[in-house]
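Chemist: The structure is given below, and queries will be raised subsequently.
Every number in this text was worked out from the coordinates using simple rules, so none of it is lab data. Given the structure is predicted, the values throughout are model-derived calculations rather than measurements.
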Amino acid sequence: MSKSSWVMLVLAGGLSLGGCSTWDKLDQSEKGAVIGAGAGAAGGAAVSGGSALGTAAGAAVGGVVGHEVGKRRDDRRDD
């Protein structure tokens with residue numbers, strides 16, 4: 001199995017398991033972190049040619065950015 005196929009399999013599995021949780025009970029910052037991590041992992045894999053380090057770095061950066069964006073949405077909702 002090629003490295004990029006392995007990365008896609010892991011991402012699909014992680015997203016599938018994440019989708020099993022109760023999405024409605026998550027606040028916007030948590031939802032943003034999940035979406036950001038998935039998008040960041042896909043972007044990191046694409047940019048790095050499928051390297052595990054690039055994928056993990058993309059997921060980490062995407063998760064942090066998604067969390068912060070969601071947190072701002074939570075703050076606006078509370079006002």
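Chemist: Once fully extended, how much extra length lies between residue 26 and residue 2, figured as 0.36 nm per residue of separation less the alpha-carbon to alpha-carbon distance?
Modeler: On the way: separation 24, 0.36 × 24 = 8.64 nm, distance 3.49 nm.
Going from the current span to full extension adds 5.2 nm.
Chemist: What is the ratio of the Cα radius of gyration of the chain to 2.2 N^0.38 Å, with N the residue count, to two decimals?
Modeler: 1.19
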